[in-house]
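Colleague: Got a structure for you, written out below as structure tokens; questions coming shortly.
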Amino acid sequence: MTDTAAPPTTTAAPSLADRTAGALAGAAVGDALGGPVEGHSPEQIRERHGGPVRGIVGPWHADWRTARPLAPYHKGDGHVTDDTLMTHALIRVYEKVRDHLDAYAVAEHLVPDLMTEVRWIPELEAEALPLQRVFLAEKWLVTRLHYGHADPREAGVGNIVNCGAAMYMAPVGLVNAGDPHGAYAEALDVAGAHQSSYGREAAGVFAAAVAAACVPGASPGSVVAAALSLAKDGTRTAIEAVCEVAADYDEFEPALAKLRGAVAPFDTVGPEYRRPSLGARRPSRLHAIEELPIALGLLLIGDGDYRETVLGAVNYGRDCDSIATMCGALVGALGRTVPAEWTAAVSEASRLDLRGPAAALTAVAREIHRRDQSRRRAHEAAFAALTEAR
């Protein structure tokens, strides 16, 4: 049966379980809200829907089974996309390994999951292998690791540089809740199997931001500060540029064009999302993916309010399902409320259990923390023995 109940969220001292459930539900709902308008501009979205999108909407084209360029995917009506499919796949890897992950865990567990486990795919309205749905940048994992036998730590080199790895890194941040540095390092290792350059960097920074959001008393501002403390090269500069603009707004609608203008110099895709420039998605120390800086900017504008933050991402357009996924994960990790009616609708429409994966990841995070404590005590004892006065 599909779990349609909203995950538990509280406003007073939310626990690890609360934050994990909120982050995963928030990410899935954001993904489902953004999917049907992905690839379009704010102006096109307003024209198609008679104004900004304010909730779950249907497919852009009524004949979604044949309409190009999206056929045969049913984007809309509360269906999650590959962002959520990959997030839940990574959670299953944590359930198997029950410790910190690395690129080898991706090769040994994530790739077989994508290749061999038949699951319900909401956009296909059918059971299929996840590999049959994920984007080409994610199929790269199978190409390089299964067929190419690449070193897992280097397999991401040569893939297009996009948000493919960053979009499903929330579980890494939740396992390292309260430890942005640990989340950043682990996500960089995991993402090395999938991405290189600023795509890999974005995965590390997003995981760190989720971990920072879990710190008791965290705010959108402290999350951005944590991200900036770790981000490198063009990723850091892009976040700075976008968040400087975001500081002047407290509503998303008047800010969208300005946010796009701030990130444009760092975004290699170009002005037409579905017609990337010749230099698009190539490695660079000067550029950044568009999605993460925009998500952090909208987090500031929405001040952590789920509707304002995530709907800002949805109406931004372009790769808005991934932007909204990131926004939803960050707001949920802050312990803010994810609208119960949206959670229930997405869970029902996508036939998606949102409670089970959250409970499983919380249990794994607790186990990992106990192992970390034991490892830390062993290190402290060894160091003390090495440095004691003689």
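Colleague: Taking every Cα atom in the chain, find the radius of gyration and the maximum pairwise distance Dmax, and write them in Å.
Modeller: Both quantities, over Cα of the chain: 19.7, 80 Å.
Colleague: Still on this structure, I have one more. Under 4 °C and 1.567 mPa s, how fast does the stretch 16-145 diffuse according to Stokes-Einstein, given a Kirkwood radius computed over C-alpha pairs? Answer in µm²/s, whole number.
Modeller: It comes out at roughly 80 µm²/s.
Colleague: Using the heavy atoms of the protein chains and a 1.4 angstrom probe, tell me the accessible area per residue for the chain in square angstrom.
Modeller: I get 40 Å² per residue for the chain.
Colleague: At a probe radius of 1.4 Å, what is the per-residue accessible area of ARG375, in Å² to the nearest 10?
Modeller: About 110 Å², rounded to the nearest 10.
Colleague: Here's a follow-up. Under 5 Å between amide hydrogens, which residues at least 5 positions from ARG119 or on another chain qualify, with H placed 1.01 Å from N in the peptide plane?
Modeller: The list, which skips near neighbours in sequence, is ALA128, LEU129.
Colleague: Just reorder ASP303, ASP113, ASP102 by solvent-accessible area, largest first, 1.4 Å probe, all chains present.
Modeller: Final ranking, largest accessible area leading: ASP303, ASP102, ASP113.
Colleague: Right, another one. Suppose we keep just the alpha-carbon trace of the stretch 82-233; what are its Rg and Dmax in angstrom?
Modeller: Expressed in Å, the Cα Rg and Dmax of the stretch 82-233 come to 15.0, 46.
Colleague: Hey, what does the equivalent ellipsoid look like for the stretch 82-149, semi-axes from the Cα gyration tensor as sqrt of 5 times each eigenvalue, largest first, whole Å?
Modeller: 19, 15, 9
Colleague: Only Cα pairs under 8 Å and at least 6 apart count here; give the relative contact order of the chain as a rounded whole percent.
Modeller: Computed over the chain, the figure is 28 percent.
Colleague: How many percent of the accessible area of the stretch 198-280 is carbon or sulfur, using a 1.4 Å probe?
Modeller: Roughly 54 percent, rounded to a whole number.
Colleague: Now for a different question. At 1.4 Å probe size, with no ligands or nucleic acids counted, give the accessible surface of ARG48 in Å², nearest ten.
Modeller: 100
Colleague: Taking a probe of 1.4 angstrom, what is the accessible area of GLU251 in Å², to the nearest 10?
Modeller: Roll a 1.4 Å probe over it and GLU251 shows about 110 Å².
Colleague: Probe radius 1.4 Å, ligands and nucleic acids left out: which of GLU125, GLU138, GLU43, GLU38 has the largest accessible area, and how do the rest follow?
Modeller: Greatest to least solvent exposure: GLU43, GLU125, GLU38, GLU138.
Colleague: Mean residue ellipticity at 222 nm from the helices of the chain, using -39,500 (n - 2.57) per DSSP H segment of n ≥ 4 over the full residue count, to the nearest 500 deg cm²/dmol?
Modeller: Counting only the DSSP helices, I get -16500 deg cm²/dmol.
Colleague: Starting from the coordinates of the alpha-carbon atoms of the stretch 351-390, obtain the Kirkwood hydrodynamic radius over all distinct pairs and give the value in Å to one decimal.
Modeller: One decimal place: 12.6 Å for the Kirkwood radius.
Colleague: Using a 1.4 angstrom probe on the protein heavy atoms only, could you order PHE135, PHE383, PHE206, PHE266 from most to least accessible area?
Modeller: Order by accessible area, largest first: PHE383, PHE135, PHE266, PHE206.
Colleague: Let's see if you can work this out: charge +1 on each Lys and Arg Cβ, -1 on each Asp and Glu Cβ, no other charges. What is the dipole magnitude of the chain about its Cα centre, in debye to the nearest 20?
Modeller: My answer is approximately 640 debye.
Colleague: At q = 0.11, 0.23 Å⁻¹, what log₁₀ I(q)/I(0) does a Debye calculation on the Cα points of the stretch 253-321 give, no solvent, two decimals?
Modeller: Result of the Debye calculation: -0.26, -0.99.
The values are calculated or read from the model by the stated rules, or taken from the named source; none is laboratory data. Since this is a predicted model, take the numbers as computed values, not measurements. Heads up, the Cβs are rebuilt from the backbone with ideal geometry, glycines too, and the neighbour counts pull from every protein chain shown. Please note that ligands, DNA and RNA were not included when accessible areas were found on the heavy atoms of the full protein model with its side chains. Shrake-Rupley method; radii C 1.70, N 1.55, O 1.52, S 1.80 Å.
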